[in-house]
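The values are calculated or read from the model by the stated rules, or taken from the named source; none is laboratory data. A quick note: this is a predicted structure, and the numbers were derived from the prediction, not measured. Glycine also receives a Cβ, built like all others from the backbone with ideal geometry; neighbour counts cover every protein chain displayed.
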Amino acid sequence: MSVIRLLVLGAVRMHGRAHGYQVRNDLEFWGAHEWSNAKPGSIYHALKQLAKQGLLVAHEVAPSTVGGPPRVEYEITDAGNEEYFSLLRASLTSHDQRIDVLSAGLGFIVDLPRDEAVALLKQRIEGLERWRAGVTEHYVPEDGPAQLGHIGEIMNMWVHLADSGAQWTRDLIARIEGGAYDFAGEGEPFVAVVPDGDPNPYATGPHPEDLR
């Protein structure tokens, strides 16, 4: 699954229309450059590719104050919205993806209705439980990892990851069912962006396209 696609589509969608620097600034503010491949070059490349694929539409606006060609602003299309929600749902249900996939999904989880978010997370638990059951067909946790030599440590780790992942997900479901956060249709959406004029403490430095 492409994390950068989910992140970029979600960031553009949150603004309505956004240029590359806004998208990059938001993702860096969320720390996505630390836990995913959302580096400046990847962000600008993804914007252009998503526009070529019809998931974003590019608008040329007035040239920047420093001169040069017109700045490009991006807007999500109907097809882009479909792709965004497909990626978002997959990120919350897939138990066998990298941690950056789940992290990206959590960043946008409130774009879903509360009941749907809970249902997707329950699917995640079911997947983790199936994974654990598959591991324990060959490995008995109670007998300890030494039963398979040092290779048993791998299966021991898998069992612990499945157990901790399932418990964390149950705790999240309990918070959501208890009324935490504002989900789609429940009020003003939470927007985690850097306010206009405020410095981004997590910015990684300029990129050539930022000057456009």
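Condition test on residue 6, is it under 26 Å from residue 114 (Cα atoms) and surrounded by 15 or more Cβ atoms within 10 Å (Cβ to Cβ)?
Yes, satisfied.
Just checking, how many residues over segment 12-26 are assigned to a helix (DSSP H, G or I) and either touching a Gly at 6+ places or on another chain (Cβ under 9 Å) or charged (D, E, K, R) (or both)?
4
From the set of residues in segment 67-97 that are free of Cβ contacts under 8 Å to residues at least 24 places away in the same chain and in a loop (DSSP other than H, G, I, E, B), which is farthest from residue 166 (Cα to Cα)?
If we take residues in segment 67-97 being free of Cβ contacts under 8 Å to residues at least 24 places away in the same chain and in a loop (DSSP other than H, G, I, E, B), then 67 is farthest from residue 166 (Cα to Cα).
Taking the criterion of being touching a helix residue (DSSP H, G or I) at 6+ places or on another chain (Cβ under 6 Å), in a helix (DSSP H, G or I) and among the acidic types (Asp, Glu), would at least one residue in segment 31-47 satisfy it?
Taking every residue of segment 31-47 in turn, none turns out to be touching a helix residue (DSSP H, G or I) at 6+ places or on another chain (Cβ under 6 Å), in a helix (DSSP H, G or I) and among the acidic types (Asp, Glu).
For residues that are outside any helix (DSSP H, G or I) and within 23 Å of residue 177 (Cα to Cα), tally how many sit in segment 98-114.
Residues flagged as outside any helix (DSSP H, G or I) and within 23 Å of residue 177 (Cα to Cα) within segment 98-114 amount to 2.
Of (1) surrounded by 12 or more Cβ atoms within 10 Å (Cβ to Cβ); (2) on the phi < 0 side of the Ramachandran plot, residue 181 satisfies all except one. Which?
(2) is the only condition that residue 181 fails.
Restricting attention to segment 154-171, which residues are farther than 16 Å from residue 94 by Cα and surrounded by 14 or more Cβ atoms within 10 Å (Cβ to Cβ)?
155, 156, 159
Can you tell me how many residues within segment 120-138 are among the β-branched types (Val, Ile, Thr) and outside any helix (DSSP H, G or I)?
Qualifying residue count for the region: 1.
From (1) more than 28 Å from residue 96 (Cβ to Cβ); (2) buried (at least 20 other Cβ atoms within 10 Å of the Cβ); (3) modelled with pLDDT of 90 or more, pick out the condition that doesn't hold for residue 50.
(1)
Counting only residues that are of a type outside the set (Gly, Ala, Ser) and free of Cβ contacts under 8 Å to residues at least 12 places away in the same chain, which one in segment 117-139 is surrounded by the fewest Cβ atoms within 10 Å (Cβ to Cβ)?
Here the residue is 137.
Only residues that are of a type in the set (A, V, I, L, M, F, W, C) and in a loop (DSSP other than H, G, I, E, B): list them for segment 48-59, please.
55
Check segment 73-90 and report whether any residue there is within 13 Å of the chain's Cα centre (by Cα) and surrounded by fewer than 15 Cβ atoms within 10 Å (Cβ to Cβ).
Checking segment 73-90: at least one residue is within 13 Å of the chain's Cα centre (by Cα) and surrounded by fewer than 15 Cβ atoms within 10 Å (Cβ to Cβ).
With respect to residue 103, determine if the residue is within 18 Å of residue 171 (Cβ to Cβ), surrounded by 14 or more Cβ atoms within 10 Å (Cβ to Cβ), modelled with pLDDT under 95 and of a type in the set (S, T, N, Q).
Taking the combined requirement at face value, the residue satisfies it.
Based on this model, can you work out whether residue 194 counts as at pLDDT 90 or above and closer than 30 Å to residue 46 by Cα?
The answer is no for residue 194.
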